[in-house]
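The values are calculated or read from the model by the stated rules, or taken from the named source; none is laboratory data. Quick caveat, the model's predicted, so the values are computed rather than measured. All Cβ positions, even for glycine, are placed from backbone atoms using ideal geometry, and neighbour counts span all protein chains on display.
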Amino acid sequence: MPCRLLLLLLLVSGLVSCNTVRDTGVTTFRYGRKFVTHDIPRASRFVWQRARGLWGAAPDDGSFWYADQMTGKPSVVINLGEQMVYLFKGGELAGGSPISSGSEGYDTMPGSYRIMEKDIDHKSSIYGDYEDFQGNVILQNIDNRKDPRPPGTRFEGAKMYYFMRVYGGVGMHQGYLPGYPASHGCIRLPGHMAEKFYREVHLGTPVEIVP
C-alpha cells in the first residue's frame, strides 16, 4: 500500500506541475477547474480519484466535501458526461456530488447560468401524482399538462427539497439517483449533498453546465 500511494502521489504531483502558471515569482495552481471541465485529460482525473480513495476521502456515493474549511465566492460546474456536480470556492475545488440529470427527450441544457431562486420546500407545478382527498395516490408520475385528472382527485406536485433554480423550470434539488440520467431536466442530488450545496450557493451564483 505505501508503494502504491507513493506512486500515485508522484503521478498527481507531475500532472499538477504541468498546469502551473508562474506570474512575477508567484506560483498559482489552476488545476481544479480544468480538472472538472475536461481541460485536463481523463487519465489525470482517474489518478486523482484513486489517490483520494487511498487517503480514505471518497464516500461510497462518490461525493466529497471540503467547503466548510474554505472561503471565497462560490461557483458550480455540472458535468453531464460524468454525472457529477462540483462546487468551487474562490476558484478552488471545494466539493462534489453524483447527480442524475435529464433523460433523453428532457435533456439538461449545457450553458452558463446563475442561481435564480432558492426554495427549501419546493414542489413541482407540472410533475407529480393525482391523489384523492384522503391523500391516497391514484395516478403516479404524471404530467398535469398531458394527463387528465380523474374525478375526485387533486394534483400533488413532486417534492424537490433544497431547490436551486438554474434556468426555466430546471434546478438542482434532492432526488432519486438511479445511476444514469433520469430526470425531466433537473439535476438531482443525494439529500445530504443537496443540503450542503443549498447552504453554500446564493442568488446569482454562477453555474456552468458542460456536456
May I ask you to list the residues in the stretch 184-202 that are more than 13 Å from Val85 (Cβ to Cβ) and either touching a strand residue (DSSP E or B) at 6+ places or on another chain (Cβ under 7 Å) or surrounded by 15 or more Cβ atoms within 10 Å (Cβ to Cβ) (or both)? His184, Gly185, Gly191, Glu195
Out of (1) part of a strand (DSSP E or B); (2) closer than 24 Å to Tyr66 by Cβ, what's the single condition that is false for Leu203? (1)
Go through (1) surrounded by 16 or more Cβ atoms within 10 Å (Cβ to Cβ); (2) closer than 27 Å to Asp61 by Cα; (3) in contact with a Phe, Trp or Tyr (Cβ under 9 Å, 6 or more places away or on another chain) one by one and return the number of the condition Asp121 breaks. (1)
Please work out which residue is farthest from the chain's Cα centre (by Cα), limiting yourself to the stretch 109-147 and to residues that are more than 26 Å from Val76 (Cα to Cα) and either modelled with pLDDT of 95 or more or acidic (Asp, Glu) (or both). Asp132
Quick one: would you say Gly96 is within 17 Å of Ile209 (Cβ to Cβ), surrounded by 14 or more Cβ atoms within 10 Å (Cβ to Cβ) and at pLDDT 95 or above? yes
Here is a check on your reading of the model: is Met160 in contact with a Ser or Thr (Cβ under 8 Å, 6 or more places away or on another chain), within 29 Å of Tyr198 (Cβ to Cβ) and surrounded by 13 or more Cβ atoms within 10 Å (Cβ to Cβ)? yes
Condition test on Gly105, is it assigned to a loop (DSSP other than H, G, I, E, B) and farther than 23 Å from Asp147 by Cα? no
Looking only at the stretch 126-159, which residues are part of a strand (DSSP E or B) and either outside the structural domain of Val170 (by TED's automatic domain parsing) or out of contact with any Phe, Trp or Tyr (no Cβ under 9 Å at 6 or more places or on another chain) (or both)? Ile126, Tyr127, Asp132, Lys159
Given Glu117, Glu104, Glu82, which one is within 14 Å of Gly171 (Cα to Cα) and of a type in the set (D, E, K, R)? Glu117
List the residue pairs whose Cβ atoms are under 8 Å apart, where the first residue sits in the stretch 165-182 and is farther than 21 Å from Arg199 by Cα, the second is surrounded by fewer than 21 Cβ atoms within 10 Å (Cβ to Cβ) and of a type in the set (A, V, I, L, M, F, W, C), and the two are 6 or more positions apart or on different chains. Pro181/Leu80
Is it true that some residue in the stretch 111-121 is touching a strand residue (DSSP E or B) at 6+ places or on another chain (Cβ under 8 Å), aliphatic (A, V, I, L, M) and in a strand (DSSP E or B)? yes
